[in-house]
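Student: Before I ask anything, let me first share the structure, which is written out below as structure tokens.
Derivation of every value follows stated rules applied to the coordinates shown; laboratory data play no part. Computed from a prediction, not measured in an experiment: that's the story for all the values here. When we count neighbours, we look across all protein chains shown, and the Cβ atoms used for this are built from the backbone with ideal geometry, even at glycine.
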Amino acid sequence: MSIKHSGIRNLLLPFSLVYGFGVWVRNLLFDLEILNSSRAEIPVIGVGNLTVGGTGKTPMVEYLARLLGSKYKVAILSRGYKRKSKGFVMGSPALGINEMGDEPTQMMRKYPDVVVAVDENRRRGIDLLSAADQKPSIDVILLDDAFQHRYVAPGLNILLIDYNRPISHDTLLPAGNLREPANHHKRADIILFTKCPTDISPIERRVICLDIKPYPYQSIFFTTVEYGPLLPVQKDRVGIDSMCSMDQICEKSLPVLIVAGIASPTPFINYVKGYCPSAQTMIFSDHHRFTEKDITTIKTVFESIRVTNGMILTTEKDAVRMIDDARFEPILPFCYYPTLHIRFLDQSGEEFDKKIVTYVQYNKRNS
């Protein structure tokens with residue numbers, strides 16, 4: 001941490017104390033049941049974190065949707081951050097990021113057999129999705145980014161912690177990145193460390209576990225992220241087979257422009273630059289809505305590499321925003337993104353999968 005950054009952080013510490021007191025009072029009211037948490041009649045799995053953004057919640061929700069989707073009717077409920085609509089909105093092919101937000105739109109288009117809905121009031125959203133007359137009848141609800149939404153009580157709480165951002169070494173907003181104190185991980189049933197190096201040693205895992213002091217009822221898993229093949233942002237585009245892998249881009253020394261507007265772009269940038277060290281980068285804030293100036297700048301920078309078969313590589317979430325924005329139309333044929341998947345280390349995924357499936361099986365409606 002730079003001296004300048006440290007100085008700003010110290011100036012913000014008093015505000016973190018005020019924020020922390022408010023968080024403490026709120027959680028105490030829930031713990032004493034002065035404020036009530038409601039439970040649904042069907043299985044509800046919450047996926048969340050203690051830090052601001054970038055822990056891999058969306059890939060985890062997608063993992064769960066794939067795991068459960070073959071046997072159960074799955075619904076995903078999100079707040080729909082930065083959408084322009086209000087209240088409860090049920091996803092449909094006609095809707096996009098303005099009505100649903102970028103991440104729900106991504107999941108809705110990626111998994112058409114999964115029901116995706118948004119509602120800033122999670123309790124209302126769960127009630128509507130789990131209603132007996134809901135068609136199709138929902139078997140299980142996945143709550144995206146819901147760890148702090150204590151008016152609902154998921155039957156199973158999954159907490160994600162970024163390996164690169166230990167919660168025990170962080171502090172509360174606004175001086176740090178924590179939404180809640182680190183010891184509030186106690187509400188989680190499963191703690192999942194994300195973005196771990198593939199060669200993380202057993203000793204380091206023990207140190208990490210000792211650092212957070214998990215409770216006996218909590219299961220700990222370590223995961224990493226893997227990037228898959230490159231896909232065109234315009235999925236209906238033809239003739240793309242010859243340029244769909246990072247290896248081919250590297251072999252042909254094709255110039256690349258990286259465009260990313262996510263919470264933690266560093267792993268994506270490092271991945272691309274591992275193949276294309278000279279790649280140019282344009283980084284924006286998480287959930288960024290591109291302005292006219294942004295798009296003009298992207299087009300100008302891209303024009304300088306387009307003449308030599310240049311490409312734009314972006315993230316899946318950014319691709320959703322691009323495809324819904326007509327201003328990107330001229331450069332969309334040159335835009336690609338890699339798929340991203342969660343992989344459990346040491347084949348522990350089987351144990352994780354079993355915990356999830358068992359919970360749903362024994363808590364389904366009328367069980």
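Student: With each run of n ≥ 4 DSSP H residues scored as -39500 (n - 2.57), what mean residue ellipticity at 222 nm is computed for the chain after dividing by its residue count and rounding to the nearest 500 deg cm²/dmol?
Tutor: -11000 deg cm²/dmol
Student: Would you mind computing, in nm to one decimal, how far apart the modelled labels at E303 and I269 are, each placed 7 Å from Cα along Cα→Cβ?
Tutor: Computed distance between label sites E303 and I269 equals 2.6 nm.
Student: Taking a threshold of 23 Å on the Cα-Cα distance, which of the pairs K235/K317; K135/K317; K186/K317 fall above it? Each step should come with its number before you reach the end.
Tutor: Numbers: K235/K317 14 Å; K135/K317 29 Å; K186/K317 31 Å.
The pairs that break the limit, which is 23 Å between Cα atoms, are K135/K317; K186/K317.
Student: Next up: Among [x] 150; [y] 167; [z] 258, which is the computed volume of the Cα convex hull per residue in Å³?
Tutor: Correct label is [y].
Student: Compute the longest continuous run of the chain that contains no exposed GluC sites (Glu not before Pro); treat a site as exposed when its DSSP state is not H, G, I, E or B and it has at most 14 other Cβ atoms within 10 Å.
Tutor: Here the longest run is 42-367.
Student: 7 Å from Cα along Cα→Cβ at both D346 and D199: what's the point-to-point distance in nm?
Tutor: Between D346 and D199, the label points sit 1.8 nm apart.
Student: Mind telling me which of G155, G274, G48 comes out most flexible in a GNM of the chain, alpha-carbon contacts under 10 Å?
Tutor: Top of the fluctuation ranking is G274.
Student: Testing the spin-label approximation: label points 7 Å from Cα along Cα→Cβ at Q134 and E292. State their distance in nm.
Tutor: Spacing of the two 7 Å Cα→Cβ label points: 4.2 nm.
Student: Where both partners of a DSSP beta bridge lie in the chain, what percent of those bridges are antiparallel, to the nearest 5? Don't skip to the end; give the middle numbers.
Tutor: Values: 11 of 49 bridges.
Among the beta bridges of the chain, antiparallel pairing accounts for roughly 20 percent.
Student: Within the stretch 136-235, which trypsin sites (Lys or Arg not before Pro) sit in a loop by DSSP and count at most 13 neighbouring Cβ atoms inside 10 Å?
Tutor: The qualifying sites are K235.
Student: Excluding residues on the same chain fewer than 8 positions from K84, give the aspartates and glutamates whose Cα lies under 15 Å from its Cα.
Tutor: Within the straight-line limit of under 15 Å, K84 reaches these aspartates and glutamates: E99, D102, E103, D119, E120, D324, D325.
Student: Which value, in Å to one decimal place, does the Kirkwood hydrodynamic radius take for the stretch 228-341 when every pair of different Cα atoms is included?
Tutor: 14.1 Å
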